[in-house]
Amino acid sequence: MREYLKKKELLKWLDYDPNGDCNVSKWQLRNKIQSGAFDAPEMEHINAYRAREGLIKRQQEEVQRLRAALEQIANYERDEYESDLVVYAKCKRIAIKALSTTEPTETQRESLRSEVQWFAQQMEAKLRDNDHKGGWENESLLWLYMRMIEEVEEVKAEIKAAFDREIDYNKIIREAADVANFAMMIADNARRINAPEKEE
């Protein structure tokens, strides 16, 4: 028996009564639930699959970026006044820049706290839900900040609502992931702005 149940399936079973006289005892209900008949699929497996897909995509992007740097070095056309030392220094700078922004190694990835890894999966799931809206690369830092504040207010509202009804922890997690994603977008765009210009 898993922690979460499929509510619709449970209600459908409770409503079904071929004799027209619904009289399910607590014992019958308990046994039916413990049998696993209403178990919901574990989100951990779904999140792990999405995280693995995201990792493959990032690795492919990493290979393409490093390949582009190698091609830039291989096709570098020296100026007639440039010495070998200057050419070497420029090509080395291209390589250092490419290597300085590489993805974390597997060892570094494994050293991340389990809580951070779990929350990153929640963030990725929310990003995938909104893929149809496009990226954030062209959005201003101020606009992203204002959207983050809006999401903070949604988290605040959800927590305050707990005084009037049963708290929805899953919704709080989703809203918190939205806040974190906008914070990530701000940092990512700031990184792009701060990155040195590409060598021509």
Name the helices (runs of 4 or more DSSP H) wholly within the range 39-132 that hold at least 1 residues that are modelled with pLDDT under 75? 43-74, 84-100, 106-110
Could you check, for the range 145-152, whether at least one of its residues is within 24 Å of residue 118 (Cβ to Cβ), assigned by TED's automatic domain parsing to the domain that holds residue 124, loosely packed, with under 11 Cβ neighbours inside 10 Å and of a type outside the set (Ser, Thr, Tyr)? no
Would you check which residues across the range 78-87 are of a type outside the set (Lys, Arg) and surrounded by 11 or more Cβ atoms within 10 Å (Cβ to Cβ) and list them? 82, 86, 87
Using the structure shown, decide if residue 184 is in contact with a Phe, Trp or Tyr (Cβ under 8 Å, 6 or more places away or on another chain) and within 30 Å of residue 97 (Cβ to Cβ). no
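The values are calculated or read from the model by the stated rules, or taken from the named source; none is laboratory data. Nothing here was measured: the structure is a model prediction, and the numbers come from that model. A quick note on method: Cβ atoms are made from the backbone with ideal geometry, for glycine too, and the neighbour counts reach across all protein chains shown.
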